[in-house]
Amino acid sequence: MNLILVLPLIIPLLTAIILLLARQWRHVQRWVSVLGALALFGVALALLALVWRNGILVAQIGNWPAPYGITLVADLFSAIMILLAGLMGLAVAVYSLASMDPQRERYGYYPLLHILLMGVCGAFLTGDMFNLYVWFEVMLVSSFVLMALGGERAQLEGTVKYVTLNLISSALFLAAVGSLYGVAGTLNMADLALQLSQVTQTGLVTALSMLFLVAFGIKAAMFPLFFWLPASYHTPPVAVSAIFAGLLTKVGVYALIRVFTLIFVQDVAFTHTVLLILAGLTMVTGVLGAVAQNSFRRILSFHIVSQIGYMVMGLGLFTPLALTGSIFYIMHHIIVKTNLFLISGVTHRLGGSDQLKKLGGFYAAYPGLAVLFLIPAFSLAGIPPLSGFWAKLILIQAGLGLQQYVIVAVALGVSLLTLFSMTKIWAEVFWKPTPEGLEIDDATLGPGRLALLLPIVALAALTLVIGLTVEPLYMLSTRAAEQLLNPAAYIQAVLGGTQ
Amino acid sequence: METFLAFVIGGLYAAGLYLMLRRSIVKLIIGLALLGQAANLLIFTVGRLTRGQPALIPFGAARPDGPFADPLPQALILTAIVIGFGVQAFAVVLIKRAYQTVKTDDLDDMRSTDTN
């Protein structure tokens, strides 16, 4: 059994247990949390290196052979996602040191953060549909508590909506998993891929795939199922918003890409066209929603929706190049979006508000921060040579290659509107003279400013590095996409011993 | 039996969705619970119903005689019930806190986060 496949689950779990035991000692909690996140990041790096070198890794838990036991599988796509989860966990754990209030720290913020990371990693690693449901629930329950923790009015209102929509999605997912078992008689993903390729009632399978599409679509915040996201993501503390924005919807996208490349490929002409149409609508509605907003974090929340459209677009086009684009886009997006949320936290702390009207003059006061904002903001809009430009370039090339001109035009138009949104934030928060009554108080940053700025600087530097040296990540995405499009290797790796 | 259960499941889904469309947060939570139960029954039914045939292997044999009830859907439902129970317990506490903070049980009055 491959121990390294279990470590991304064990490390956050152990960290959370230690944190719970150390509830009394705030300083111990803070450092254990950072150490745990660091360990997860290290293991994730090792895992990616191992998968890159040795191909798909498989662990049969309890040595029950697949498809009877629970299988953990790491192909390149999984390993990339786990690395990103580790990176974001680390960035947010450090950022929390300076931004989290003692009240929330005492009521279990750090253990919840690590349980959330465990749920996310579990969802990325599992090779079993029902197990995926369980990991989704682990992730959801901890995210529910993280969002409500603190009990402010806006938080509770946001949480009611978030919980409701996510529970509906879980109920649908569960029903879909049950029905899938009724049709195929197995829930192991690799075995499902084999069984469903022999099923004669493709209509039934396609109907089931649409049920999965709705369930994962709610989690990924796709059109027209995204309304819970802008109603809730701006309510919790910034550190929580940032990890949610970076990781949670992407778990939905991951699940979509996994099932629609491995399992539901019987009727690509229908299912993937639906995905492509939804992708276009998601991009457009998200970005138009953002245009109408006047609060820093709400604009960013709507942009998450719009960006999800690009990731699904690659899946809908369903060529090696398009999936490469999707994977590259996910990598770029998680880093950039988390960073933008972290920056919105700093301006919120300095200016005391999220409302664009009440902020201003940050360029004069903090030119360095302004530059740090511009890097991820321009990257999000797709200005060369930043990471977002390459991500969009790959997707648009893939679209042009298939002569899907409508989606290409939509993607380009949405880019332009994204740039508009970002310049709006720039003009209001950074460029405009300081509005009356606002005193940018340096003291509010407090002694922990290093912990606030370190993750922001690191992520911005990463955005630059990705933009300037595209080749390695492009290679990585290409190989991950090739693995996704040739499920035979995945099936062989999981079921190899039993056939 | 399957036909009967199909109607029960349909009824549960309908009742759950109807309750969720009401404005009261209490009905919302009851509706969510019903949806979960409907999903559980659905798994039970599509996993094929078999009466009085436990999946027990007689001593010395390698497999049970004749047709037997598939234990896997039952294991799935058991897990789903436990998860559902935990989540619903959280949801009940959440609506209590939301009611205390917002001072209303009307979902239409919980819209302050939708606009700003």
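The values are calculated or read from the model by the stated rules, or taken from the named source; none is laboratory data. Remember, it's a predicted structure, so these values are computed and weren't measured experimentally. Virtual Cβ from ideal backbone geometry, glycine too; neighbours counted across all protein chains shown.
Listed values, structure above:
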{"read-out": "Search result, residues across region A:171-201 that are under 30 Å from residue B:27 (Cβ atoms) and touching a Lys or Arg at 6+ places or on another chain (Cβ under 9 Å)", "value": "A:173"}
{"read-out": "Residue among A:281, A:323 that is away from chain B (no Cβ under 14 Å), surrounded by fewer than 24 Cβ atoms within 10 Å (Cβ to Cβ) and either touching a residue at least 40 places away in the same chain (Cβ under 8 Å) or not in a helix (DSSP H, G or I) (or both)", "value": "A:281"}
{"read-out": "Some residue of region A:444-455 being without any contact (Cβ under 8 Å) to a residue 24 or more places away in the chain, within 30 Å of residue A:390 (Cβ to Cβ) and out of contact with any helix residue (DSSP H, G or I) (no Cβ under 7 Å at 6 or more places or on another chain)", "value": "no"}
{"read-out": "Residue check for residue A:89: away from chain B (no Cβ under 12 Å), surrounded by fewer than 22 Cβ atoms within 10 Å (Cβ to Cβ) and farther than 29 Å from residue B:71 by Cβ", "value": "no"}
{"read-out": "Filtered residue count, region B:84-116, keeping only those that are in contact with a Gly (Cβ under 9 Å, 6 or more places away or on another chain) and under 17 Å from residue A:173 (Cβ atoms)", "value": "3"}
{"read-out": "Qualifying residue in region A:156-179 (condition: more than 10 Å from chain B (Cβ to nearest Cβ), in contact with an Asp or Glu (Cβ under 6 Å, 6 or more places away or on another chain) and of a type outside the set (A, V, I, L, M))", "value": "no"}
{"read-out": "Filter result for the condition that a residue is within 14 Å of chain B (Cβ to nearest Cβ) and either surrounded by 22 or more Cβ atoms within 10 Å (Cβ to Cβ) or not basic (Lys, Arg) (or both), over A:203, A:185", "value": "A:185"}
{"read-out": "Flag for residue A:174 being touching a Phe, Trp or Tyr at 6+ places or on another chain (Cβ under 9 Å) and surrounded by fewer than 24 Cβ atoms within 10 Å (Cβ to Cβ)", "value": "no"}
{"read-out": "Helices (runs of 4 or more DSSP H) (entirely within region A:87-187) containing at least 1 residues that are among the charged types (D, E, K, R)", "value": "A:102-106, A:129-148, A:153-184"}
{"read-out": "Pair list, Cβ < 6 Å and 6+ apart or interchain, from region A:139-150 residues that are under 7 Å from residue A:112 (Cβ atoms) to residues that are among the aliphatic types (A, V, I, L, M)", "value": "A:142/A:112; A:142/A:115; A:142/A:116; A:145/A:112; A:146/A:112; A:146/A:240"}
{"read-out": "Among (1) within 12 Å of residue A:304 (Cα to Cα); (2) free of Cβ contacts under 8 Å to residues at least 24 places away in the same chain - the single one residue A:207 does not satisfy", "value": "(1)"}
{"read-out": "Which numbered condition residue A:51 misses (of (1) closer than 27 Å to residue A:146 by Cα; (2) among the β-branched types (Val, Ile, Thr); (3) within 24 Å of the chain's Cα centre (by Cα))", "value": "(1)"}
{"read-out": "Selection within region A:112-142 - within 30 Å of residue A:447 (Cβ to Cβ) and surrounded by 24 or more Cβ atoms within 10 Å (Cβ to Cβ)", "value": "A:113, A:114, A:115, A:116, A:117"}
{"read-out": "From the options B:69, B:91, B:61, residue that is of a type outside the set (Ser, Thr, Tyr) and either facing chain A (nearest Cβ under 7 Å) or touching a residue at least 60 places away in the same chain (Cβ under 8 Å) (or both)", "value": "B:91"}
{"read-out": "Which listed residue, of B:56, B:35, is in contact with a Phe, Trp or Tyr (Cβ under 9 Å, 6 or more places away or on another chain), at the interface with another protein chain (Cβ under 9 Å from one of its Cβ atoms) and more than 19 Å from residue A:183 (Cβ to Cβ)", "value": "B:35"}
{"read-out": "Cβ pairs under 7 Å, 6+ apart, first in region B:94-116 and facing chain A (nearest Cβ under 7 Å) and modelled with pLDDT of 85 or more, second surrounded by 12 or more Cβ atoms within 10 Å (Cβ to Cβ) and not in a helix (DSSP H, G or I)", "value": "B:97/A:151; B:101/A:151; B:102/B:110"}
{"read-out": "Among the candidates B:105, B:109, residue that is surrounded by 15 or more Cβ atoms within 10 Å (Cβ to Cβ) and acidic (Asp, Glu)", "value": "B:105"}
{"read-out": "Some residue of region A:237-249 being closer than 25 Å to residue A:179 by Cα and modelled with pLDDT under 95", "value": "yes"}
{"read-out": "Checking residue B:25 against (1) touching a Phe, Trp or Tyr at 6+ places or on another chain (Cβ under 9 Å); (2) within 24 Å of residue A:176 (Cα to Cα); (3) aliphatic (A, V, I, L, M), the condition it does not meet", "value": "(2)"}
{"read-out": "Residue within region B:21-28 that is surrounded by 19 or more Cβ atoms within 10 Å (Cβ to Cβ) and either modelled with pLDDT under 90 or within 22 Å of residue A:131 (Cβ to Cβ) (or both) present", "value": "no"}
